[in-house]
Amino acid sequence: MAVRQICPGIVSVGAIDWDRRLFDELIPLPDGTSYNSYLVQGSEKTALLDTVDPIKVHELLANLASLGIGTIDYVVAHHAEQDHAGAIPDILAAYPAAKVICNDKCKGMLSDHLHVPEDRFQLIQDNDTLPLGGKTLRFIMAPWVHWPETFLTYLAEDRILFPCDFFGSHLAQSELFVGDECRTFDAAKRYYAEIMMPFRSHIAKHLERLKEFDIKWIAPSHGPVYQNPSFILDAYRNWVSDTVANRVLIPFVSMHGSTRLMVEHLTDALIRRGVSVVPCNITNADIGELAEELVDVATVVIGSPTVLTGAHPEVGRVAYLANALRPKFKFTGLIGSYGWGGRMAEQILQLFTAIKPEVLPPVIVKGMPREDDFRSLDQLAETIRQKHESIGIWPAESA
Ligand code: FEO
């Protein structure tokens with residue numbers, strides 16, 4: 001990746017991973033990603049803010065060499081996860097005078113995961129400052145964004161916030177700054193859903209604290225730099241709020257068509273009532289897209305056939321994931337079909353241990369749905385509409 005100057009004294013020296021397609025062996029990356037690392041040069045000291053994933057360490061070292069960087073005084077480790085910290089041992093080897101700047105919790109993690117030696121650390125606390133000569137780094141502790149050790153850096157003179165994963169997006173692009181706002185919004189929302197949503201209440205507090213800072217640009221550790229901070233700050237404020245949209249997500253699996261008939265009928269019944277709906281066949285779904293929908297839907301109705309007396313295992317996987325991501329949907333339901341018996345409803349709903357949506361009456365039918373079953377689905381659609389009305393989101397402003 002080419003070295004790119006953000007402004008005088010600040011250079012992006014990280015790496016773009018154009019063809020990475022999976023993160024944590026779980027999260028699909030349809031647009032690749034980047035591991036952003038920023039070199040900040042003061043008149044007296046030089047700091048490197050985060051490194052890169054170890055698979056890209058050669059690019060980071062080459063970028064630093066191309067700039068003729070002979071000395072790095074500090075490596076700021078905002079976060080110990082390997083996609084940002086994994087190249088620290090190589091940087092410490094290449095720059096023997098460099099100290100790792102981090103908090104005590106991060107030090108423990110870097111010692112455990114990367115075996116960084118004790119004498120290479122210099123610990124900081126909340127609000128500490130580190131002068132580089134005309135550029136002053138101020139550290140802001142932000143635990144649980146998304147690990148407990150995370151902190152951010154505010155560069156006072158240039159009014160740039162370096163928030164590591166916070167506000168990031170898995171987006172590989174050659175431009176340094178946000179270009180296509182729609183594309184960036186989608187990628188950032190998806191990133192929030194997959195990484196940050198389980199920590200919504202912590203993130204809300206950190207967003208409040210950031211109000212005390214005069215921020216010109218936001219330079220995260222994944223994706224483009226934001227020249228318009230309110231673009232992403234306002235989006236985050238909306239995502240972490242309790243506000244939900246007049247929309248229903250229907251993740252479903254259908255083996256022989258009965259559940260699909262039910263999903264299609266419910267989808268139409270909701271549309272007729274002015275409720276936005278997203279049916280999602282999870283057999284081939286991108287779980288990132290599913291997670292993104294979970295950010296602000298008001299209702300989730302799961303559709304499943306019966307397999308071995310229980311729900312389809314793919315449905316169980318999605319319910320488990322939805323519970324782990326802790327979305328804020330208010331209502332849930334279950335529709336599906338069985339051949340000779342089963343305990344699908346209890347089985348799925350007991351997976352919701354971390355979230356407590358109101359459970360709407362399930363519609364479980366024997367075999368292929370009949371007229372009575374379709375009427376039950378109409379009733380479910382009407383119940384959902386009424387529930388949405390009761391919390392003030394129906395009718396939608398645009399309906
Ligand atoms: Fe991008 Fe939590 O690492």
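The values are calculated or read from the model by the stated rules, or taken from the named source; none is laboratory data. Predicted model only: the values in this text are computed from it and were never measured. Note: ideal-geometry Cβ built from the backbone for every residue, glycine included; neighbour counts use all protein chains shown. Keep in mind that these areas ignore ligands, DNA and RNA; they rest on the heavy atoms of the full protein, side chains included. Shrake-Rupley method; radii C 1.70, N 1.55, O 1.52, S 1.80 Å.
For the range 191-221, how many residues meet the condition of being closer than 18 Å to W147 by Cα and within 16 Å of the ligand (Cβ to nearest atom)?
Total satisfying the criteria: 14.
Counting just the residues of the range 77-103 that are of a type in the set (G, A, S) and within 15 Å of the ligand (Cβ to nearest atom), which one comes out surrounded by the fewest Cβ atoms within 10 Å (Cβ to Cβ)? Outline the logic, then answer.
Keep residues of the range 77-103 that are of a type in the set (G, A, S), which gives 77, 80, 85-87, 93-94, 97-98.
Remaining after also requiring within 15 Å of the ligand (Cβ to nearest atom): 77, 80, 85-87.
Numbers: A77: 27, A80: 25, A85: 28, G86: 20, A87: 30.
Per the criteria, the residue is G86.
Can you tell me which residue is farthest from the ligand (Cβ to nearest atom) among those in the range 129-172 that are under 16 Å from A80 (Cα atoms) and open to solvent by 10 Å² or more (accessible area, probe 1.4 Å)?
M141
Could you check how many residues of the range 2-22 are crowded, with 19+ Cβ neighbours inside 10 Å and either closer than 27 Å to L321 by Cβ or in contact with a Pro (Cβ under 7 Å, 6 or more places away or on another chain) (or both)?
Matching residues across the range 2-22 total 2.
Identify, please: which residue in the range 8-38 is within 15 Å of the ligand (Cβ to nearest atom) and of a type in the set (S, T, N, Q) and is, among those, nearest to Y95 (Cα to Cα)?
Among those that are within 15 Å of the ligand (Cβ to nearest atom) and of a type in the set (S, T, N, Q), it is S37.
Can you tell me which of (1) among the aliphatic types (A, V, I, L, M); (2) surrounded by 17 or more Cβ atoms within 10 Å (Cβ to Cβ); (3) within 20 Å of the chain's Cα centre (by Cα) is the one V365 doesn't meet?
With respect to (1) among the aliphatic types (A, V, I, L, M); (2) surrounded by 17 or more Cβ atoms within 10 Å (Cβ to Cβ); (3) within 20 Å of the chain's Cα centre (by Cα), V365 is out only on (3).
Please work out if Q41 is open to solvent by 10 Å² or more (accessible area, probe 1.4 Å) and within 13 Å of the ligand (Cβ to nearest atom).
no
Give the range 177-198 a look and list any residue that's open to solvent by 20 Å² or more (accessible area, probe 1.4 Å) and either of a type in the set (A, V, I, L, M) or touching a helix residue (DSSP H, G or I) at 6+ places or on another chain (Cβ under 9 Å) (or both), or say none.
From the range 177-198, those open to solvent by 20 Å² or more (accessible area, probe 1.4 Å) are 177-183, 185-186, 189-190, 194, 198; that's our starting set.
Correct list: V178, E181, F185, D186, K189, R190, E194, P198.
Yes or no, residue by residue, for (1) open to solvent by 30 Å² or more (accessible area, probe 1.4 Å); (2) in contact (Cβ under 8 Å) with a residue 60 or more places away in the chain; (3) of a type in the set (F, W, Y); (4) outside the structural domain of A381 (by TED's automatic domain parsing):
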{"residue": "H265", "(1), (2), (3), (4)": "yes, yes, no, no"}
{"residue": "L290", "(1), (2), (3), (4)": "no, no, no, no"}
{"residue": "L308", "(1), (2), (3), (4)": "yes, no, no, no"}
{"residue": "V318", "(1), (2), (3), (4)": "no, yes, no, no"}
{"residue": "I335", "(1), (2), (3), (4)": "no, yes, no, no"}
